[in-house]
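> One structure coming up, written as structure tokens, with questions to follow.
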Amino acid sequence: MGPVTLPRLERLATGVVDGLPSGLTADARVTYSRFGTMRFANSWIHQPMLEERTVVSLRVCDDRRLGTATSDDLTPSGLRALVRTAIGLAHVAPRDAKFPGFAGPNGERPGATPFSTATARIDPEGQGRAARRAIETALDEAPGARVSGVVNQGLEMLAVANTSDLVRSMRRSMLQSSVLVERPESESPVSGWSEGAHWDHRSMDAGRLGREAAERMPTEPPQAARPGTYRVLLAGPALSEAIAFLGFLGFAGKADEDGWSCLVHRRGRTIAPPSVNLIDDARSPLTLPAAIDYEGMVKRATPLIYRGRAKPAVVDLVTSGHLQSRPTGHAPPPETPYGEVGATPTQMILGPGPASFDDLVRAVGDGILVTRFHYVRVVHPGRAVITGMTRDGTYRITGGRLAAPLKNLRFTESVLRILRGIEMLGRDRRCYADERGYTCVNSPAAVVGKFAFTSATLF
């Protein structure tokens, strides 16, 4: 294929749709990704990995019947096979009478978004140095502990073309890292956790993450806590995960269409205190920026919660036709399983408050600090009920001060009740993301008045 550039990807996407038989409409996307992963465990770097791939996805519309095929075979014969497969799938697909067709450019230009060339240029040596900094700073704080984690860094380039003369492309850079510090040999194992993500590796110091994880690790055996409803301080990693589930359960357009969204009957109504403002803004440097979605729609800031009131769900082309609304620039890749899920918010930002971390602890009074959640699953989507466990830094708060570390607790709680119960937001925020940076939440910590723990653990 030669050197990978956005113009080259655009030409490839355009060539695929230009080669279709007359009478068919389609959109094609070409995604080039190059990601490096540097894992470390037992305080040693191991399992470095570099992944580089180019994938072509073609979605054909034949009499409002949609068929999608993907391939990493970029040879002429491979692309011809891709076209045949997509057309064949369209022939047997159900007819979608409300599909609005593929959108044209409409004079819009995606423009530039924050991007770091140095971050996109994956340097295994640089990733190794970052991992080593995380290990060394953690061991400086907690000599003899076991340090594990990962540094993910890379680049994605996307080009989209369709038969309505739309041709758009973008590139994005990302770094994501997490660090776990633990003493598993203790009679009651203890651990601490830290994580973060950024589009510019110079703004995400792995050494800081290592130090934070070590500082959050208890220095004394954790005590048991009785299940029940407590006042809690949800640290950034915990609150960001709850917000991520809200994005899927409450702001996905297809969930509104299917009727199981937890907010389908609450649009425009108050679901949180006026201090709570949540926006999806893929162009903000507070997220992992992206200029377009996977249908080529220009991304723009989309309010989700404004002064505590729920705003409309996000939609892609298909769902916009069904709901009679405008696309919001949130289309995922149309191939399964993404296409079945539909559009969801992917770069959410929760507005901060005025409080320092110490202010938040004092505001709790008596309760529990939760650093992060583990193994969270959906119990009831329509009520936004999730269940999971605390992990890697759970503490009792007594009299407005951090007290004894606690053994982990299982919770079963509604994200909507968490939102309603927010009493105070922290001023310090950070971006939290998945390992490839496709979704992220920039979140502060928050004091929540009621949080239900349903059972306890032995560790």
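The values are calculated or read from the model by the stated rules, or taken from the named source; none is laboratory data. Keep in mind that what you see is a predicted model, and the values were worked out from it rather than measured. Methodologically, a virtual Cβ is constructed for each residue, glycine included, from the backbone with ideal geometry; neighbour enumeration extends over all protein chains shown.
> Hey, does the stretch 289-305 have a residue that's surrounded by fewer than 21 Cβ atoms within 10 Å (Cβ to Cβ), in a helix (DSSP H, G or I), touching a strand residue (DSSP E or B) at 6+ places or on another chain (Cβ under 9 Å) and not hydroxyl-bearing (Ser, Thr, Tyr)?
Within the stretch 289-305, none of the residues are surrounded by fewer than 21 Cβ atoms within 10 Å (Cβ to Cβ), in a helix (DSSP H, G or I), touching a strand residue (DSSP E or B) at 6+ places or on another chain (Cβ under 9 Å) and not hydroxyl-bearing (Ser, Thr, Tyr).
Conditions tested, residue by residue: (1) without any contact (Cβ under 8 Å) to a residue 60 or more places away in the chain; (2) more than 24 Å from the chain's Cα centre (by Cα).
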position	(1), (2)
Pro222	no, yes
Ala238	no, no
Leu249	no, no
Lys254	no, no
His265	yes, yes
Gly268	yes, yes
Ile279	no, no
Ser284	no, no
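> Considering only residues that are out of contact with any helix residue (DSSP H, G or I) (no Cβ under 6 Å at 6 or more places or on another chain) and of a type outside the set (D, E, K, R), which ones fall in the stretch 34-47? Talk me through it step by step, then tell me what you get.
Within the stretch 34-47, the subset out of contact with any helix residue (DSSP H, G or I) (no Cβ under 6 Å at 6 or more places or on another chain) is 34-35, 37, 39, 41-42, 44, 46-47.
Selection gives Phe35, Thr37, Ala41, Asn42, Trp44, His46, Gln47.
> Could you list, in sequence order, the residues of the stretch 119-134 that are in a loop (DSSP other than H, G, I, E, B) and buried (at least 17 other Cβ atoms within 10 Å of the Cβ)? Full working, then the answer.
Step one: list which residues in the stretch 119-134 are in a loop (DSSP other than H, G, I, E, B), which gives 121-123.
Selection gives Ile122 alone.
> Among the residues of the stretch 308-323, is there at least one that is of a type in the set (Lys, Arg) and either at pLDDT below 95 or surrounded by 23 or more Cβ atoms within 10 Å (Cβ to Cβ) (or both)? Reasoning before the result, please.
Step one: filter the stretch 308-323 for residues of a type in the set (Lys, Arg), giving 309, 311.
Then keep just the ones that are either at pLDDT below 95 or surrounded by 23 or more Cβ atoms within 10 Å (Cβ to Cβ) (or both); that gives none.
Checking the stretch 308-323: not a single residue is of a type in the set (Lys, Arg) and either at pLDDT below 95 or surrounded by 23 or more Cβ atoms within 10 Å (Cβ to Cβ) (or both).
> Follow-up. Read through the list (1) in a loop (DSSP other than H, G, I, E, B); (2) in contact (Cβ under 8 Å) with a residue 12 or more places away in the chain; (3) farther than 25 Å from Arg417 by Cα, then give the number of the only condition that Arg326 fails.
(2)
> I would also like to ask the following. Mind telling me which of the residues Asp366, Asp358 ends up being without any contact (Cβ under 8 Å) to a residue 24 or more places away in the chain, surrounded by fewer than 22 Cβ atoms within 10 Å (Cβ to Cβ) and over 18 Å from Ser240 (Cα atoms)? I'd like the intermediate steps shown before the answer.
Values: Asp366 fails: without any contact (Cβ under 8 Å) to a residue 24 or more places away in the chain.
Testing whether each residue is without any contact (Cβ under 8 Å) to a residue 24 or more places away in the chain, surrounded by fewer than 22 Cβ atoms within 10 Å (Cβ to Cβ) and over 18 Å from Ser240 (Cα atoms) leaves just Asp358.
> Hey, another quick one. Kindly provide the set of residues from the stretch 109-140 that are of a type outside the set (Gly, Ala, Ser) and within 17 Å of Gly437 (Cβ to Cβ), ordered by number.
Within the stretch 109-140, the subset of a type outside the set (Gly, Ala, Ser) is 109-110, 113-115, 117, 119, 121-125, 127, 129, 132-133, 135-137, 139-140.
Thr113, Pro114, Phe115, Thr117, Thr119, Arg121, Ile122, Gln127 - these are the residues of the stretch 109-140 that are of a type outside the set (Gly, Ala, Ser) and within 17 Å of Gly437 (Cβ to Cβ).
> Follow-up. For Glu156, are the conditions met, namely being under 24 Å from Phe459 (Cβ atoms), in contact (Cβ under 8 Å) with a residue 40 or more places away in the chain, within 24 Å of the chain's Cα centre (by Cα) and in a strand (DSSP E or B)?
Numbers: under 24 Å from Phe459 (Cβ atoms): no; in contact (Cβ under 8 Å) with a residue 40 or more places away in the chain: yes; within 24 Å of the chain's Cα centre (by Cα): yes; in a strand (DSSP E or B): yes.
Spelling it out, it is not the case that Glu156 is under 24 Å from Phe459 (Cβ atoms), in contact (Cβ under 8 Å) with a residue 40 or more places away in the chain, within 24 Å of the chain's Cα centre (by Cα) and in a strand (DSSP E or B).
> Restricting to the stretch 78-117, name every residue that is surrounded by 12 or more Cβ atoms within 10 Å (Cβ to Cβ), more than 19 Å from Leu166 (Cβ to Cβ) and among the small types (Gly, Ala, Ser).
Gly78, Ala81, Gly88, Ala90, Ala93, Ser116
> Condition first: crowded, with 16+ Cβ neighbours inside 10 Å and not in a strand (DSSP E or B). Now tell me which residues in the stretch 44-77 satisfy that.
Scanning the stretch 44-77 gives a single hit, Arg64.
> Related question: Report yes if Ala13 is in a strand (DSSP E or B), surrounded by 16 or more Cβ atoms within 10 Å (Cβ to Cβ) and of a type in the set (Gly, Ala, Ser), otherwise no. Break it down stepwise before answering.
Details: in a strand (DSSP E or B): no; surrounded by 16 or more Cβ atoms within 10 Å (Cβ to Cβ): yes; of a type in the set (Gly, Ala, Ser): yes.
Here the answer is no, as Ala13 does not meet what is asked.
> Please enumerate the residues belonging to the stretch 428-444 that are in a loop (DSSP other than H, G, I, E, B) and touching a Leu at 6+ places or on another chain (Cβ under 6 Å).
Just the residues of the stretch 428-444 that are in a loop (DSSP other than H, G, I, E, B), to begin with: 428-429, 434-439, 444.
Listed by number, the residues that qualify are Gly437, Pro444.
> For the stretch 336-407, give me every one of the strands (runs of 3 or more DSSP E) that falls completely inside it and has 1 or more residues that are among the polar types (S, T, N, Q).
On the way: elements: 347-350, 367-380, 385-398, 401-405.
Of the strands (runs of 3 or more DSSP E) lying wholly inside the stretch 336-407, those with at least 1 residues that are among the polar types (S, T, N, Q) span 347-350, 367-380, 385-398.
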